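Student: One structure is given below, represented as structure tokens, and several questions about it will come after.
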Amino acid sequence: MNLQTIPHQSYEKGLPQEGNYILGQKRDNNIFVYQAFNHRIADYAVKNQKFGGPDYSFNRMTWIKPNFLWMMYRSGWAEKDPNQARILAIEMTFEGFEALLSQGVLTTYNPSYEDYETWQKALNHSDVRIQWDPDHNFKGAKLNRRAVQIGLKGNTLQTFNNDYVQSIQDITRFVKEEKGKIDQGNKEFFVIDECIIEVNADLKKKFAIPEQFLSPFVEDILHEFENNGAIKSENFEKLLIENQQKERNSSTTLKITKIGNFQGIS
């Protein structure tokens with residue numbers, strides 16, 4: 001497996017706790033998304049690095065998810081359903097990922113449409129559906145943060161398969177190993193390392209994604225500087241150490257750079 005992992009105890013560090021956010025892992029110009037299938041579909045996909053075969057249908061809606069723990073909730077860590085017994089990590093182009101989001105229609109009515117009938121018509125005629133659901137922790141409990149999943153069918157699913165997919169790997173072994181640790185009460189298990197996936201301004205507006213996220217710690221430091229014209233040296237050092245250990249999103253990094261240019265450290 002060539003995905004980056006992180007100890008679960010560190011996963012939420014620096015991540016937003018509420019609101020619509022796309023969490024995932026990128027590599028260069030690609031992003032990883034996840035799906036769960038039965039053995040026959042998974043075997044064909046890994047062998048051919050494309051979806052297809054007698055058991056796979058391009059006419060049915062299939063859902064991709066960039067958030068690993070949401071996939072674990074949906075599949076029960078590959079133990080919930082024989083049709084979700086294999087977890088695949090699909091590397092796709094980020095350009096394609098944004099294209100799917102731009103084409104997608106929300107599965108629930110949104111006032112951005114002219115009226116309910118206009119939305120319903122768009123939904124019925126779209127090959128791409130966008131759904132925001134409560135994110136879940138490793139135990140399956142709901143979180144206030146919301147995670148996205150993208151439903152594909154028809155011609156768009158063909159485009160995804162033929163043009164956007166770059167690689168397909170089976171990560172079921174990793175999933176089962178880490179679930180085994182959880183079942184044994186071992187707190188030192190790993191999950192896929194994820195950060196906020198920044199999308200263009202139009203998509204943020206379309207899906208009510210906040211323009212920028214700052215962790216409470218960073219917000220406190222900025223507030224401290226605005227009020228006092230300086231920040232405590234221990235807070236500044238902690239910020240630098242945390243940033244060196246893990247840059248979870250670009251917004252925080254930009255603010256750290258800004259703070260680094262301040263002259264007043266008390």
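Student: For the stretch 149-191, how many residues are hydroxyl-bearing (Ser, Thr, Tyr), under 14 Å from Ala99 (Cα atoms) and within 20 Å of the chain's Cα centre (by Cα)?
Tutor: Going through the stretch 149-191, the residues hydroxyl-bearing (Ser, Thr, Tyr) turn out to be 156, 159, 164, 167, 172.
Those still in the list that are under 14 Å from Ala99 (Cα atoms) too: 156, 159, 164.
Of the ones still in play, those that are also within 20 Å of the chain's Cα centre (by Cα) are 164.
Number of matching residues: 1.
Student: Still on this structure, I have one more. Assuming Glu117 fulfils every condition listed in (1) outside any strand (DSSP E or B); (2) under 16 Å from Ile64 (Cα atoms) apart from one, which condition is it?
Tutor: Exception for Glu117: condition (2).
Student: If you don't mind, another one. Just give me the residues in the stretch 36-75 being part of a helix (DSSP H, G or I) and hydrophobic (A, V, I, L, M, F, W, C), in sequence order. If you could, list the steps in order and put the result at the bottom.
Tutor: Initially, the stretch 36-75 is screened for residues part of a helix (DSSP H, G or I), giving 39-48, 68-75.
Listed by number, the residues that qualify are Ile41, Ala42, Ala45, Val46, Phe68, Leu69, Trp70, Met71, Met72.
Student: Counting residues that are polar (S, T, N, Q), which helices (runs of 4 or more DSSP H) fully inside the stretch 137-211 reach at least 3? Explain how you work it out, then say what you get.
Tutor: On the way: elements: 154-159, 172-183, 201-206.
Filter on the stretch 137-211 gives 154-159.
Student: Now for a separate question. Kindly indicate whether any position in the stretch 65-75 is under 22 Å from Gly180 (Cα atoms) and exposed (fewer than 15 other Cβ atoms within 10 Å of the Cβ). Break it down stepwise before answering.
Tutor: Step one: of the stretch 65-75, the residues under 22 Å from Gly180 (Cα atoms) are 67-75.
From what is left, the residues that are exposed (fewer than 15 other Cβ atoms within 10 Å of the Cβ) are none.
Looking for residues that are under 22 Å from Gly180 (Cα atoms) and exposed (fewer than 15 other Cβ atoms within 10 Å of the Cβ), one finds none in the stretch 65-75, hence no.
Student: Taking the condition of being surrounded by 13 or more Cβ atoms within 10 Å (Cβ to Cβ) and closer than 29 Å to Thr107 by Cα, how many residues in the stretch 176-207 meet it?
Tutor: 13
Student: Looking at (1) within 25 Å of Met1 (Cα to Cα); (2) in contact with an Asp or Glu (Cβ under 9 Å, 6 or more places away or on another chain); (3) small (Gly, Ala, Ser), can you tell me which one Gly180 breaks?
Tutor: Going through the list (1) within 25 Å of Met1 (Cα to Cα); (2) in contact with an Asp or Glu (Cβ under 9 Å, 6 or more places away or on another chain); (3) small (Gly, Ala, Ser), Gly180 breaks only (2).
Student: Right, another one. Please tell me if Ala36 is assigned by TED's automatic domain parsing to the domain that holds Phe94, more than 17 Å from the chain's Cα centre (by Cα) and either acidic (Asp, Glu) or surrounded by 13 or more Cβ atoms within 10 Å (Cβ to Cβ) (or both). Quick ask: steps written out before the conclusion?
Tutor: Working: assigned by TED's automatic domain parsing to the domain that holds Phe94: yes; more than 17 Å from the chain's Cα centre (by Cα): no; either acidic (Asp, Glu) or surrounded by 13 or more Cβ atoms within 10 Å (Cβ to Cβ) (or both): yes.
No.
Student: Which residues, taken from the stretch 76-100, are among the basic types (Lys, Arg) and either in a strand (DSSP E or B) or buried (at least 23 other Cβ atoms within 10 Å of the Cβ) (or both)?
Tutor: The one that is among the basic types (Lys, Arg) and either in a strand (DSSP E or B) or buried (at least 23 other Cβ atoms within 10 Å of the Cβ) (or both): Arg86.
Student: Residue check: is Arg60 in the same structural domain as Asp127 (by TED's automatic domain parsing) and exposed (fewer than 14 other Cβ atoms within 10 Å of the Cβ)? Spell out the reasoning first.
Tutor: Details: in the same structural domain as Asp127 (by TED's automatic domain parsing): yes; exposed (fewer than 14 other Cβ atoms within 10 Å of the Cβ): yes.
So Arg60 fits the description; yes.
Student: Among Tyr44, Tyr73, which is out of contact with any strand residue (DSSP E or B) (no Cβ under 8 Å at 6 or more places or on another chain), more than 20 Å from Gly96 (Cα to Cα) and among the aromatic types (Phe, Trp, Tyr)? Write out each step before concluding.
Tutor: Numbers: Tyr73 fails: out of contact with any strand residue (DSSP E or B) (no Cβ under 8 Å at 6 or more places or on another chain).
Answer to the selection: Tyr44.
The values are calculated or read from the model by the stated rules, or taken from the named source; none is laboratory data. Note that this is a predicted model, so its numbers are computed, not measured. Because the Cβ atoms are built from the backbone with ideal geometry, glycine has one as well, and the counts that use them run over all protein chains shown.
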